[in-house]
Every structure is written in structure tokens, then in C-alpha cells.
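This report concerns only the one structure given below.
Quick note: the coordinates plus some simple rules give every number you see, no bench work behind them. Just so we're clear, the structure is a prediction, and the values are computed from it rather than from any experiment. Cβ sites come from the backbone with ideal geometry, for glycine too, and all protein chains shown count toward neighbours.
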Amino acid sequence: MAALVTPKFLSPRDLALAVGASESSLKRWIDDGRVRVLRTAGGHRRIPLAEAVRFIRKYHHQVLRPDLLGIPADAHGPDPHGADRLLRALTAGDAPAVHALLANAYLARGSVAELADAMICPALCQLGEPWSDADDGIVIEHQSIDVLLQVVPRLRALIAPPNPDAPLALGGAPSGDPYLLPSQLAALVLADAGLRTVNLGPDTPCSTFSCAIGRHQPRLVWLACSSESAAAQIAPRLPDLAAGLASSGVRFVLGGRAMPATPPGIERVATFAALADLGRDLIQASGSRDRLDEPERDPGPG
Ligand code: B12
């Protein structure tokens, strides 16, 4: 992964090369507003990476040179056996291949929720099964999570930043739950839906949740439960937490393979696709402006 640098901005020439178009076509698309650009102090046009990705996804462009977007090429292209190939790449600890698979699938208009539900979770499930008896199974699990945690920020760089007035979602895993990826994915899925997110991460005490809720005033709180013992410990405290959040109109979402039985007021969400739906509902209800209407930050001289 070392050779590729994720660019913050692309020149019109690089975006034209990436999608196999001529520079004059790209200039026309800039002029008709399909691609939004910034001007450097020197008057050069620059395209933020997330804007380039939005343009590619919206207008169904095929990407011939993903390397220009900081993404390794994926010779296979998007395919229905993505989870199997992801499993092989994870087992081999091949971070560039994992990056290539997931980022190219996103460019081909997959949502982050689809990547999580249809590729990442099935690959990890398979990885957890055969390896559970093998001596090096635990090594492969740690290594796979490490690879995915390297790739998640690179996927995040492809997503348009949220509007400053977008609703905020906050969450994590309860005390004693060491699982990192579920909350990372929840945050990524909600960011893809347009929300601002704060991920408190694994092993988060109830007091920290309360403090963070007071500080950030979220509209949605998620609790990712993957550890049976941690879920059993937090279960008796859920009714109070749910009542407090409900009184402020905050949606409380419980997800994860170990989510305990829940009292009314807590929404059980089984898939990341369902979480994305919730996120989009919140964006619509909030009246937050379309994030594409937001002016972009200046890229500085260049
Ligand atoms: C990586 C891993 C670990 C790593 C975690 C590293 C880390 N820091 O994150 C380590 C090595 C620490 C670990 C430890 C253990 N693990 Co482990 N682990 C896994 C593995 C391979 C992947 C877990 C993961 O991150 N999955 C990613 C999540 C997102 O996928 P998912 O859990 O399938 O989630 C789905 C839904 O629940 C939902 N979802 C999940 N979270 C959320 C959150 C929200 C908000 C929403 C809306 C939805 C949602 O989305 C997915 C479906 O689309 C799983 C295998 C598997 N099937 O997942 C085993 C697995 C979970 N582990 C297992 C076991 C047994 C253990 C240990 C007990 C092993 C041991 N003997 O020590 C310990 C227990 C640790 C503990 N304190 O609880 C078992 C659990 C069996 C069971 N009874 O449930 C599994 C299933 C493996 C297996 N087949 O046996 N593990």
C-alpha cells in the first residue's frame, strides 16, 4: 500500500485520464456543473477527491485508472464473488488487494452498507469458522482486522464530507467488548448517508457514553454488541439509557451479533443497510441541505 498516496485534489487532466475521457469533455462537464471545481490562488482548477468520486458514481463512469484516485487497480472489476476474494486477500494479509476490492466496488456505485453486509461481514464470518480450531487462527483474525482498519479511512476519504448542520450520530461498543470493526463500519455507513459521526470505539463505559451524549447532542446513538459477556453486563442498564435518550428525541439503535433482548424505545437493527436507511431518514427529517450545495474549502496554492 506504500506506493499509493490518496490525493486530496485532482487536476481536471487526472480526472479525465482516470475515466478515459478527453480533457475537453471534462472541461465541458465542469462548465455545465456536472463536476464542481475549486480555483487555487494561481487560478488552476482542482477537484476534491470526494467530488471526483461523486461525479464518477453519479454519471456511471468506468474508472480505467483508479491509481489516479489513490486506489490500486482491481483486475477483476466488481464481481458477485467479492466476499470470497476478500476472504483470500484478508487471509493473505494483502492490504492493497483489500483496498482495491472495496474501493473499486464503491466507485462502481455500491454503498458502504452493501460492502459491509455483502462482502466484509460474510468474509469475516468465513474467516472465523475454519480458523477457530487452527493454531494461527487468532493471528489471522487480528491481522485481518488490522488490514480492514487500514482500509476504512481510505474509504472514508472517498465520501463527501457532511454538511456542518447535518445531524450527528454517536456510538461505540460497551465496556468489555473489544470488537473494533462493528463501530468503525457503523460510523462509515452513517457518514455515507450524510451524517456527522463520532465513534467512541470498543470497550466504552456507560459514563463515557453519557458524557459524550451531553457534549455532542446526537440525534442517533448506536451501541454495537459483539461480545456476549459485555452485552449481558450492559443489558440491565439499557432501559434507563433508552428512557433518557427517548425523552430528548434521540433514536437509540442496538446492533451486533450479541445484541441482548431490549426494552421498548430501543431499535434493533440487524444489518448495515437498515442502519443506512435510518441515517437517510434522519437527514431528510432534519432538512439539512444537500451536501453537494456546500461550498468546498480552498485547496491553497497549487
Ligand atoms: C476478529 C474477531 C475477533 C478479534 C476481534 C479483534 C478486534 N479488536 O476487533 C478477537 C481476536 C479479539 C476475538 C476474540 C474472541 N472471539 Co472473535 N471473532 C472475530 C471475527 C473473525 C470477526 C468479528 C468482526 O469484527 N466482525 C465484523 C462484524 C461487523 O460482523 P458481524 O459480527 O457478523 O456483524 C453482523 C451484524 O451483527 C451486524 N452488526 C454488527 N455490528 C453492528 C452494529 C450496528 C450498530 C448495526 C446496526 C449492525 C451491526 O452487521 C453484520 C451483518 O451484516 C468473528 C467472526 C464473525 N463471524 O464475525 C469472530 C467471533 C465473533 N469470535 C468468536 C469468539 C468465540 C471469540 C473469543 C471468545 C475467542 C476466545 N476463545 O478467546 C474471543 C472473545 C472476545 C470477547 N471479549 O468477547 C466467535 C463468537 C461465537 C459466538 N458464540 O457468538 C466468532 C463468531 C467466531 C466463531 N465462528 O467462532 N475475535
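For the chain, the longest principal axis of the Cα atoms and the long axis of helix 82-91 meet at an angle of about 80 degrees. Couplings 3J(HN,Hα) for the range 160-171, derived from phi with the Karplus relation 6.51 cos²θ - 1.76 cosθ + 1.60 (θ = phi - 60°), are 4, x, x, 5, x, 9, 5, x, 9, 10, 9, x Hz, where x marks Gly and Pro. For Phe9, nonlocal amide neighbours, meaning residues 5 or more places apart or on other chains whose placed amide H falls under 5 Å from its own, are Leu49.
Here the 3J(HN,Hα) profile of the range 248-260, calculated from phi with Karplus coefficients 6.51, -1.76 and 1.60 at θ = phi - 60°, is 9, x, 8, 7, 10, 10, 10, x, x, 5, 10, 4, x Hz, Gly and Pro shown as x.
Tell me, what is the percent relative contact order of the chain, built from C-alpha pairs under 8 Å that lie six or more residues apart? Don't skip to the answer; put the middle values down first.
On the way: 492 pairs, mean separation 50.9, N = 302.
Result for the chain is 17 percent.
Indicate, rounded to the nearest 5 percent, the antiparallel portion of the DSSP beta bridges found entirely in the chain. About 20 percent, rounded to the nearest 5. Magnitude of the charge dipole for the chain, about its Cα centre and with charges confined to Cβ atoms of Lys, Arg (+1) and Asp, Glu (-1), is about 1340 debye. FRET efficiency for the Gln233 to Ala108 pair, using the beta carbon distance and R₀ = 41 Å, is estimated at 0.50. A dipole drawn for the chain from +1 and -1 charges on Cβ atoms has a positive end, and of Ala169, Thr91, Ala113 the residue lying farthest that way is Ala169.
Calculate, for His60 and Asp240, the FRET efficiency according to 1/(1 + (r/R0)^6) with r their C-beta to C-beta distance and R0 41 Å; round to the nearest 0.05.
Numbers: r = 49 Å, r/R0 = 1.19.
For R0 = 41 Å, the calculated efficiency reads 0.25.
Backbone amide hydrogens, once placed in the peptide plane, bring Thr204 within less than 5 Å of Ala173, Ser175, Gly176, Asp177, excluding anything fewer than 5 places away on its chain.
Computed with the Debye formula from one identical point scatterer per Cα of the range 123-243, without solvent, the log10 of I(q)/I(0) at q = 0.15 Å⁻¹ comes to -0.77. FRET efficiency for the pair Ala261 and Val198, taken as 1/(1 + (r/R0)^6) with r the Cβ-Cβ distance and R0 = 41 Å, rounds to 0.95. Directionally averaged projected area (the range 82-156, Cα convex hull): 4.3 nm². Between Ala92 and Val139, the contour length at 0.36 nm per residue exceeds the Cα-Cα span by 15.8 nm. For the range 111-121, 3J(HN,Hα) computed residue by residue from phi via the Karplus equation (6.51, -1.76, 1.60; θ = phi - 60°) reads 8, 4, 4, 5, 4, 5, 6, 9, 10, 5, 5 Hz, glycine and proline entered as x. Counting only alpha carbon atoms, the long axis of helix 49-58 and the longest principal axis of the chain meet at about 90°. Quick note on the chain: its Rg to Rh ratio, both from C-alpha atoms and Rh being the Kirkwood radius, is 1.00. Per-residue extension of 0.36 nm, minus the Cα-Cα distance of Ser25 and Arg39, leaves a gain of 3.2 nm for this segment. One Cα centroid belongs to the range 1-40, the other to the range 102-156; the line between them spans 30 Å. Near the amide H of Val198, within less than 5 Å, lie the amide hydrogens of Ala169, Leu170, Gly171, all on another chain or at least 5 residues away, with H placed in the peptide plane.
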